[in-house]
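Data block below; observations after.
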Amino acid sequence: MGLGFCSFASGSSGNCYMIKYDNEALLIDAGISGKKIFQGLEDTGVSMEDVCGVLVTHEHIDHVKSLPIVTKKLPNIKAYANENTWAAIERPVADEKRATFHTGEDFYIEDFLIRPFPIPHDAAEPVGYSIYIADRQISIVTDVGHMTDEIFEEIIDADLLVLEANHEEEILLMGSYPYHLKRRILGEKGHLSNVSAGECLCSLIEANPKKRRVLLGHLSRENNDPSVALLAVKNTLMEKDIFVGSDLKIEVVNRDCCSCLYEV
Ligand SMILES: [Zn+2]
Ligand SMILES: [Zn+2]
């Protein structure tokens, strides 16, 4: 396999993705238990020595929970975050394992070219990432209150896109969450709904009808369901006469178990 991608978990109770190419691997976020992360690495054939970095999107616990153990146990890893995110992370990470970037400025980790870009979410300085290697692009956009032109430009050419489909608005509104939490999730800096994810995909496909794989992620346990998310997104696409097929693959990544290892 050339370039591989696996979601170890995706959702409001923990997030961690893995990208591997040759003998190099990256993690994006470390919001599940160390045990699950190490198991995921083993299952996808990545040795502990091969992991060269963990990219942090923002300081919420479902993204940083296991930063201390991961940076301690993986010998060649460094954790990458911007300054404001580091300041907001309350988990201890050794100084020599920390690296700081500026949002909007590209940098390399081994052969991976990384581009962090700003996203609207209620955190210190949250980012999405595009990762470029071997003429391919993988982009991760979750924990976004709404789609922005800037994000859209960053993900337009992605070969594999992880896109948030957090909730079904009707379910959220009728559900048991307190009013302030509903307001937060639905707000400009909250989370992306199924329909918003579908609308974003419509615009992407209209702007660039390339072959791509889309993984719907960060689903809410209470306010969504994999089949609901998929149906809502497909229906939104169908309204624009866009059909899922060989050029457009859409799947949901699980909240608490590993996806397959996708070849990108
Ligand atoms: Zn999150
Ligand atoms: Zn968050």
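The values are calculated or read from the model by the stated rules, or taken from the named source; none is laboratory data. What you see is a predicted model, and the numbers here were worked out from it, not measured in a lab. When we count neighbours, we look across all protein chains shown, and the Cβ atoms used for this are built from the backbone with ideal geometry, even at glycine. What goes into the accessible areas is simple: the full protein's heavy atoms, side chains included, and nothing from ligands, DNA or RNA. Shrake-Rupley method; radii C 1.70, N 1.55, O 1.52, S 1.80 Å.
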Between their Cα atoms, which of K35/K210; K65/K182; K36/K72; K97/K210 are more than 27 Å away from each other?
-> K35/K210; K97/K210
Within-11-Å neighbourhood charge of S33 [Cβ basis; K, R +1; D, E -1] | +2
If contacts are Cα pairs under 8 angstrom and at least 6 residues apart, what is the relative contact order of the chain in percent?
-> 20 percent
Please give, to one decimal in nm, the separation of the simple spin-label points placed at K189 and E170, each 7 Å out from Cα toward the Cβ.
-> 3.1 nm
What part of the accessible area of the stretch 81-175, given as a whole %, is carbon or sulfur when the probe is 1.4 angstrom?
-> 43 percent
Calculate, for the chain, the solvent-accessible area per residue in square angstrom, rolling a 1.4 angstrom probe over the heavy atoms of the protein chains.
-> 44 Å²
Classify the stretch 198-264 as rounded, prolate or oblate, taking a ≥ b ≥ c as the square roots of the eigenvalues of its Cα gyration tensor: rounded when a/c is under 1.5, otherwise prolate if a/b is larger than b/c and oblate if not.
-> oblate
Would you work out which of I32, A87, C52 lies farthest towards the positive end of the dipole of the stretch 1-123, given +1 charges on the beta-carbon of Lys and Arg and -1 on that of Asp and Glu, about the Cα centre?
-> I32
Heavy-atom accessible surface of the stretch 6-64: percent carbon and sulfur, 1.4 Å | 47 percent
Theoretical gain in end-to-end length, R98 to E222 [0.36 nm per residue, Cα-Cα removed] | 41.2 nm
